[in-house]
Amino acid sequence: MRIPVIAGNWKLYKKTAEALQLVQDLSSLVKDVKGVEIVVAPSFTVLGPVRSLLFDSPIAVAGQDCFWAEEGAYTGEVSPGMLVDAGCSHVIIGHSERRQLFAETDEKVNKKITAALRAGLTVLFCVGETLHEREAGETFAVLDRQIRTGLNNLSPVDMEKVILAYEPVWAIGTGKTATDEQAQEAHAFIRQLVAELFSSGVADALRIVYGGSVKPDNITALMAQPDVDGALVGGASLTAESFAAIIRFQK
Ligand code: PEP
């Protein structure tokens, strides 16, 4: 039995006042929801205030990225331990915007995942193909490469704190959602690969969430797929009403 995860990636949005308003509204809209792991990923500067407001709430707080070193001369970076110190329990690693805009390679993603797990964080590890790669029939090859390298040297115990996020790049922020069948096909492929790399027990327990233009009106059909265990939500997590409606999906 895998507990569904619904995570909101706020990207480069929401300064303190807006961020606090959003989590306050969200908390009251979902206070009766049970059996769903809810995560919000604000920008670094508001992690502390958001976490303080959520101190007695089950809503978890995530960083949107982290560096692999714990400390040192790395101007501008934030370490996994700093995220823990700010009250985070989760971190997003390998988001396609980091890969595309900030030259993040599979090897860097692996170093970040390893460091985040050592600090005790749960990792939302993002993978997904571009439109060009899908049209060239390379989707599974891309997922295979990203996952093999991203999870390199991790143990089955490490995998208990990894959540895979399948985010086809062509569906992020475009309004184009993968069809339920496309999502299921990719998720089943990922689960099979994780079974091969670790064990069928690790694969069965792994939560694989879908990301890419998830909205209140498509979440239920996505969640009905057997290998879809939740969602990583960008745009629709920026208003409390739409994110709460997604969290309240009907299975
Ligand atoms: C994301 O940023 O991970 C994402 C899936 O964005 P959106 O929901 O806006 O497509």
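The values are calculated or read from the model by the stated rules, or taken from the named source; none is laboratory data. Here the structure is a predicted model, which means the values were calculated and not measured. All Cβ positions, glycine included, derive from the backbone under ideal geometry; neighbour counts span all protein chains shown. To get the accessible areas, we keep the full protein, side chains included, count just its heavy atoms, and leave off ligands, DNA and RNA. Shrake-Rupley method; radii C 1.70, N 1.55, O 1.52, S 1.80 Å.
A compact table of results
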quantity: From phi via Karplus (6.51, -1.76, 1.60), per-residue ³J(HN,Hα) for region 22-36 in Hz, x at Gly/Pro; calculated: 4, 6, 5, 5, 4, 4, 6, 6, 10, 5, 9, 6, 10, x, 10
quantity: Within-11-Å neighbourhood charge of Ser89 [Cβ basis; K, R +1; D, E -1]; calculated: +1
quantity: Förster radius 35 Å - calculated FRET efficiency between Arg118 and Thr239, Cβ distance, rounded to 0.05; calculated: 0.50
quantity: Charge tally in the Cβ shell below 13 Å around Ala245, where Lys, Arg are +1 and Asp, Glu are -1, Ala245 excluded; calculated: -1
quantity: Chain lengthening between Phe44 and Met1 when straightened (0.36 nm per residue, less Cα-Cα); calculated: 12.2 nm
quantity: Point-to-point label distance, Tyr13-Asp56, nm (Cα→Cβ direction, 7 Å offset); calculated: 3.0
quantity: Net length gained if the chain between Glu71 and Leu131 were fully extended (0.36 nm per residue, minus Cα distance); calculated: 17.9 nm
quantity: Estimated inter-spin distance, Asn152 and Gln21, nm [label 7 Å along Cα→Cβ]; calculated: 4.6
quantity: Solvent-accessible area per residue, Å², over the chain with all protein chains present [probe radius 1.4 Å]; calculated: 45
quantity: Given charges at beta-carbon only (K, R positive; D, E negative), |dipole| of region 154-210 in Debye; calculated: 140
quantity: Accessible surface, 1.4 Å probe, highest first, among residues Leu131, Leu222, Leu238; calculated: Leu131, Leu238, Leu222
quantity: Added length on full extension, which subtracts the Cα-Cα distance from 0.36 nm per residue, Thr220 to Asp204; calculated: 3.6 nm
quantity: Solvent-accessible area, 1.4 Å probe, carbon plus sulfur percent, for region 95-251; calculated: 52
quantity: Label-point separation in nm, Ala141 to Lys161, each point 7 Å along Cα→Cβ; calculated: 3.5
